[in-house]
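For reference, the structure is listed below as structure tokens.
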Amino acid sequence: MNHGEGNGTLLRVLLIEDNEDDARLVVRELRREGFYVEYLQTTRPEEIRSALQHGEWDLVTSDHQMPGFDAPSALRLVREIRPDIPLIILSGQIELQTAVDLMKQGADDYVQKDQLAMLGPSVRAALEHAQRRRELAQAAAILRANERRFRSYFEMPLIGLATTDLDGTIVEANDKLADLAGVPRAALIRQPWMGLFQPSDVTVLQSLMRECLDRERDGFIAPAAMLRREGQPARTLVSARPIQARADEPITGFLWAVVDASAETEALKRLTDTSSVLAVLSEIGAFAIAVEDPGTGERLYEHTPQGLEVCAIGPKGFPEERVHPGHFGRFREKFAQTGSDPANIVFPALAANGEWVPVVLSRTLYQASDRAQPLQVTLCYRADARHGAVFSVDAIPLPAALVDEEGRVVYANSLAKAWEQGVVNLQPGARSDWPQEALVRQSDGSESPVRLNPSSSASQGERLFLAVAV
């Protein structure tokens, strides 16, 4: 390797050139263009192969005709071993058609040796194009990985899942949804999604969808009766999230999740158990999640939404240094690093601002269809009212809201839109007797009966109550 001179941008060049004078002219021109050049000059195929396999190169240049070697042979060798490296043909005499043919075969450009002033701009353009190719390749790899991850979650047998386009046509559906609908999976594809539900519920679902499309909400959960091919309609809970590449990009469809609500308590449990899956699929940002193979310790997936860093799950589990000292014993008992048994704990964790905030850490096992042994899924989410309770209210299949100590409605789920900006008549003298019957004054002035309970919250200085329609 010949080392360069100057203070410019480092450029590592493999010079396939038999004429040392021409090689020095090329290096001098690149230095004049502001590059700090390190180069290797050779025409021997075995040396070229070794250099490509073991060296780091930013650029390859090749003379067109050399004794025992030529540009087409160099091009084939470079593209075989390092297709990402740009290659520029340098030649004293070359026909235009020959140059065009070489570029069609993969050369980035060609420059005549008597016009080396064109070399600098040609190199900069080739480096820029190579960087774009690498970025596109990385993006494609990420998309493929996300597609595999999505597919593994989509095929989980716990909940019915489907995607629809903006016209409401079913694009994909899993086996569990077909089972809930009582039809073969193939029969669902290209059918109208709303055709699966009773007309009275369709009106509500379509209204909630419009609010998502108008960016008034980022998803919803609502009860709906699913029309089965045979038998009575099945009570279900339906969750929907818009599909979009990024928050600032257009919505292209919806991701739907459906659970059987015929046994309401069990349905709510399943919805809670699988909400982590929905969080990953639609990136709702409610959970930090890590998925591992307990046998090998391999971390298969992890995700910590922005703003939830206090819940981040480290490479060896939740970091002990962020656990409140008074909870070390409980934490270590339930979450030993070598353990994989299901566990659940609430404890104060140290946030970035130095405050102790309550978090829930949960570990469970999930049996994937393509694995002999179950996977370990660890979830962490904030347990204070502003994070945990709001998410819980959305999972209730009845009109429900969070109420502060002044009786003001601070958050209402999609079934309690009329309660927004409303007030509940809290009875201070009866707060020791729960649940408490109360009335919520709705935005139109009318009142509705509710059952009131204190909301579980470990936050300091804030107490909230859960109001559910009677």
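The values are calculated or read from the model by the stated rules, or taken from the named source; none is laboratory data. Every value quoted in this text rests on a predicted model; they were computed, and no experiment measured them. As a convention, Cβ positions derive from the backbone with ideal geometry for all residues, glycine included, and neighbour counts pool all protein chains shown.
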Residue check: is residue 84 part of a helix (DSSP H, G or I), under 26 Å from residue 31 (Cα atoms) and of a type outside the set (A, V, I, L, M)? no
Looking at (1) basic (Lys, Arg); (2) at pLDDT 75 or above; (3) surrounded by 13 or more Cβ atoms within 10 Å (Cβ to Cβ), find the lone condition where residue 270 falls short. (2)
Would you confirm, using the coordinates I've provided, whether residue 149 is more than 28 Å from residue 53 (Cβ to Cβ), modelled with pLDDT under 85 and among the basic types (Lys, Arg)? yes
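Would a scan of the range 424-441 turn up a residue that is within 27 Å of residue 219 (Cα to Cα), at pLDDT below 80 and not basic (Lys, Arg)?
At the first step, the residues of the range 424-441 found to be within 27 Å of residue 219 (Cα to Cα) are 424, 440-441.
If we keep only those that are at pLDDT below 80 as well, we get none.
The answer is no; no qualifying residue exists.
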Condition test on residue 181, is it of a type in the set (A, V, I, L, M), under 16 Å from residue 416 (Cα atoms) and touching a strand residue (DSSP E or B) at 6+ places or on another chain (Cβ under 7 Å)? no
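Would you confirm whether or not the range 234-246 contains a residue that is assigned by TED's automatic domain parsing to the domain that holds residue 348, assigned to a loop (DSSP other than H, G, I, E, B) and either of a type in the set (Ser, Thr, Tyr) or at pLDDT below 80 (or both)? Lay out the reasoning, then the answer.
So the first thing to find is which residues in the range 234-246 are assigned by TED's automatic domain parsing to the domain that holds residue 348, and the list is none.
No, the range 234-246 contains no residue that is assigned by TED's automatic domain parsing to the domain that holds residue 348, assigned to a loop (DSSP other than H, G, I, E, B) and either of a type in the set (Ser, Thr, Tyr) or at pLDDT below 80 (or both).
Conditions tested, residue by residue: (1) within 39 Å of the chain's Cα centre (by Cα); (2) surrounded by fewer than 19 Cβ atoms within 10 Å (Cβ to Cβ); (3) at pLDDT below 85.
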residue	(1), (2), (3)
65	no, yes, yes
78	yes, no, no
81	yes, yes, no
86	yes, no, no
89	no, no, no
95	no, yes, yes
107	yes, no, no
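So which of 208, 227, 196 ends up being modelled with pLDDT of 85 or more, in the same structural domain as residue 162 (by TED's automatic domain parsing), farther than 22 Å from residue 413 by Cα and crowded, with 19+ Cβ neighbours inside 10 Å?
Working: 208 fails: farther than 22 Å from residue 413 by Cα; 227 fails: crowded, with 19+ Cβ neighbours inside 10 Å.
Step by step, each of 208, 227, 196 is checked, and only 196 is modelled with pLDDT of 85 or more, in the same structural domain as residue 162 (by TED's automatic domain parsing), farther than 22 Å from residue 413 by Cα and crowded, with 19+ Cβ neighbours inside 10 Å.
Against the condition part of a strand (DSSP E or B) and touching a residue at least 12 places away in the same chain (Cβ under 8 Å), how does residue 38 come out, does it pass?
Numbers: part of a strand (DSSP E or B): yes; touching a residue at least 12 places away in the same chain (Cβ under 8 Å): yes.
So residue 38 passes the test.
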Kindly list the number of the only condition in (1) in contact with a helix residue (DSSP H, G or I) (Cβ under 6 Å, 6 or more places away or on another chain); (2) in a helix (DSSP H, G or I) that fails for residue 46. (1)
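Any chance you could count how many residues in the range 213-223 are surrounded by 12 or more Cβ atoms within 10 Å (Cβ to Cβ) and either out of contact with any Lys or Arg (no Cβ under 8 Å at 6 or more places or on another chain) or not assigned by TED's automatic domain parsing to the domain that holds residue 165 (or both)?
Of the residues in that region, 5 qualify.
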